[in-house]
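Trainee: Just dropping this structure here.
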Amino acid sequence: MTLSAVKGFKDILPEESKRRQKIEETARNIFASCGVEEIRTPILEKTEVFARGIGEHTDIVEKEMYTFQDRNGQYLTLRPEATAGILRAVLEHKLYNTAPVLKLFTMGPMFRHERPQKGRLRQFHQINVEYIGSSSPIADAEVVFLAYEIVRQFTDEENLLLEMNSLGCPECRPLHRKDLLLFLENNKDDLCEDCQRRSKVNPLRVFDCKNEGCQAVLKLAPVIKHYICPECSNHMGKVLDALEAFGIPFVQNPYLVRGLDYYKRTTFELKGRGLGAQSTVAAGGRYDGLSTLLDGPDIPGVGMAIGVERLLLLMEEQAEPKSVDLFIAALGSEARTEALYWLAYLRRQGLKVEYSLEDKSLKAQMKQADKAGARFCLIVGEREMDEEEAILRDMNTKAQETLDLDDLPEILVEKVKSQKSQGDE
Ligand SMILES: [Zn+2]
Ligand SMILES: [Zn+2]
């Protein structure tokens, strides 16, 4: 029996790797233009980083983390999200002393032991951004901008829905919480078991319930919007004004919540139509207060995560056609040795050049050139070597011309580049 990958863990094969590289490259370019720098933290952290940084009474920490004891008996966890680890690193290295605001991004795998389904794996990948050290509403808007700007490169903007909400602050939230608890108590008979449990542990999370009965009841529940203080309201207004200035369309969703206490004010989700229940492609918000949970000074922060697998689902399923600029079909040892020289030269000039690793028949090599999607094919055998020439075949027009071996590589570079510039017009 052949071995298979662990359930919920997926091999990323070359075709999909190409699409992921495109996402990563696009994100890197956008980050560079916004002065966001890369940080890479370990995939493994001490369990307490997440227990404190996410909260003991969350589904993530209670049920979904890959936690184990290492050989020294220390509890370690494969990171289920990026923020806690990044903040741990920022505090450990006192990076907050190096700049008034840190603008950081990271990309990589996260791990959660959830039921695998479409767009949700146990090893999944995120692109994360954290702005640490600023309370400005413009920081919130920039983080939303980055999420939107990256995602919109890969799908029709009409497919996107940006939802914004404010969760209030430690001043105004308790008033809402009190009324919400009262409401949940009065309506508990109409709520599912999960919601009844959540009401006690983490009442805001009832709004995440997918149960239709619960949703009908919760439509009447008090929403934070009617409770937020003037400062929170002012902050939200400035975030939304900035989004308008950035030209980013959004709607306000008063039911959008985060279950974690340290989330404050701005929260958002970017949804993709057509993704079904897994519709959120990016999400984030402000998390002032998180740093103190990790024993650091009180540093404000705001961040977001893009789910790469969700983004892949949103992207049009179009396989990139394979293409190389030139295929060198060389026959016989003399020509094949000479071909290696051209191969290195042309590749160093930035051309995509392929070559048959085996000394096969011309027919077999031409077939390989076709399969590789070669624009040109250079044919050189013993006879051509004797006559110090080679045949260049245009694979589109089938036209052939004979080239002199003197200056051959230079001529090839020119041919391919002029063909490319014509193609761009
Ligand atoms: Zn407030
Ligand atoms: Zn429910």
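The values are calculated or read from the model by the stated rules, or taken from the named source; none is laboratory data. From a predicted model like this one, the values you see are computed outputs, not experimental measurements. Cβ placement follows ideal geometry from the backbone for every residue including glycine, while neighbour counts extend to all protein chains displayed.
Trainee: Condition test on Phe50, is it aromatic (Phe, Trp, Tyr), surrounded by 11 or more Cβ atoms within 10 Å (Cβ to Cβ) and touching a helix residue (DSSP H, G or I) at 6+ places or on another chain (Cβ under 7 Å)?
Mentor: Yes; evaluated as a whole, the condition is true for this residue.
Trainee: Cβ contacts < 8 Å: first residue of a type in the set (D, E, K, R), restricted to the range 36-61; second residue assigned to a loop (DSSP other than H, G, I, E, B) and at pLDDT below 90, any location; separation 6+ or different chain. Result?
Mentor: Taking only residues 6 or more apart or on different chains, not a single pair turns up.
Trainee: Kindly indicate which of Arg336, Arg347, Arg383, Arg393 is within 30 Å of Met107 (Cβ to Cβ) and without any contact (Cβ under 8 Å) to a residue 60 or more places away in the chain.
Mentor: Working: Arg336 fails: within 30 Å of Met107 (Cβ to Cβ); Arg383 fails: within 30 Å of Met107 (Cβ to Cβ); Arg393 fails: within 30 Å of Met107 (Cβ to Cβ).
Arg347 is the lone residue from the list that is within 30 Å of Met107 (Cβ to Cβ) and without any contact (Cβ under 8 Å) to a residue 60 or more places away in the chain.
Trainee: So is Leu102 over 29 Å from Asp11 (Cα atoms), surrounded by 15 or more Cβ atoms within 10 Å (Cβ to Cβ) and not small (Gly, Ala, Ser) or not?
Mentor: Yes.
Trainee: Within the set of pairs 6+ apart or on separate chains, which have a first residue in the range 206-226 that is within 13 Å of Asn187 (Cβ to Cβ), a second that is within 16 Å of ligand 1 (Cβ to nearest atom), and C-beta atoms under 8 Å apart?
Mentor: Close Cβ pairs (under 8 Å, with a partner that is within 16 Å of ligand 1 (Cβ to nearest atom)) amount to Ala221/Leu180; Pro222/His176; Pro222/Asp179; Pro222/Leu180.
Trainee: Would you point out which residue out of Leu180, Leu184 is more than 30 Å from Ala89 (Cα to Cα), touching a residue at least 24 places away in the same chain (Cβ under 8 Å), within 16 Å of ligand 1 (Cβ to nearest atom) and touching a helix residue (DSSP H, G or I) at 6+ places or on another chain (Cβ under 6 Å)?
Mentor: Testing whether each residue is more than 30 Å from Ala89 (Cα to Cα), touching a residue at least 24 places away in the same chain (Cβ under 8 Å), within 16 Å of ligand 1 (Cβ to nearest atom) and touching a helix residue (DSSP H, G or I) at 6+ places or on another chain (Cβ under 6 Å) leaves just Leu180.
Trainee: List the helices (runs of 4 or more DSSP H) inside the range 159-230, counting only whole elements, that have at least 2 residues being at negative phi, more than 15 Å from ligand 2 (Cβ to nearest atom) and modelled with pLDDT of 90 or more. Spell out the reasoning first.
Mentor: Numbers: elements: 173-186, 193-201, 212-218.
Because the criterion is at least 2 residues that are at negative phi, more than 15 Å from ligand 2 (Cβ to nearest atom) and modelled with pLDDT of 90 or more, the helices (runs of 4 or more DSSP H) in the range 159-230 that meet it are 173-186.
Trainee: Restricting to the range 57-94, count the residues that are surrounded by fewer than 19 Cβ atoms within 10 Å (Cβ to Cβ), modelled with pLDDT of 95 or more and in a helix (DSSP H, G or I).
Mentor: 3
Trainee: Please go through the range 290-312 and give me each residue that is more than 15 Å from Leu95 (Cβ to Cβ), touching a strand residue (DSSP E or B) at 6+ places or on another chain (Cβ under 7 Å) and either free of Cβ contacts under 8 Å to residues at least 12 places away in the same chain or assigned to a loop (DSSP other than H, G, I, E, B) (or both), ordered by number.
Mentor: none
Trainee: Would you confirm whether any residue within the range 275-289 is acidic (Asp, Glu), buried (at least 18 other Cβ atoms within 10 Å of the Cβ), assigned by TED's automatic domain parsing to the domain that holds Glu130 and more than 16 Å from ligand 2 (Cβ to nearest atom)?
Mentor: yes
Trainee: Being surrounded by fewer than 13 Cβ atoms within 10 Å (Cβ to Cβ), more than 16 Å from ligand 2 (Cβ to nearest atom) and in contact (Cβ under 8 Å) with a residue 24 or more places away in the chain, is that true of even one residue in the range 262-274?
Mentor: Filtering the range 262-274 for residues surrounded by fewer than 13 Cβ atoms within 10 Å (Cβ to Cβ) gives 274.
Remaining after also requiring more than 16 Å from ligand 2 (Cβ to nearest atom): 274.
Right, trim to in contact (Cβ under 8 Å) with a residue 24 or more places away in the chain and you get 274.
Within the range 262-274 (the criterion being surrounded by fewer than 13 Cβ atoms within 10 Å (Cβ to Cβ), more than 16 Å from ligand 2 (Cβ to nearest atom) and in contact (Cβ under 8 Å) with a residue 24 or more places away in the chain), the answer is yes, since at least one residue qualifies.
Trainee: Also, I was wondering about something else. Of the residues in the range 313-344, how many are at pLDDT below 90 and either farther than 30 Å from Val380 by Cβ or in a helix (DSSP H, G or I) (or both)?
Mentor: Here the count works out to 7.
Trainee: Can you tell me which condition Ile306 does not meet? The list is (1) within 16 Å of ligand 1 (Cβ to nearest atom); (2) at pLDDT 95 or above, and all the others hold.
Mentor: Among (1) within 16 Å of ligand 1 (Cβ to nearest atom); (2) at pLDDT 95 or above, the lone unmet condition for Ile306 is (1).
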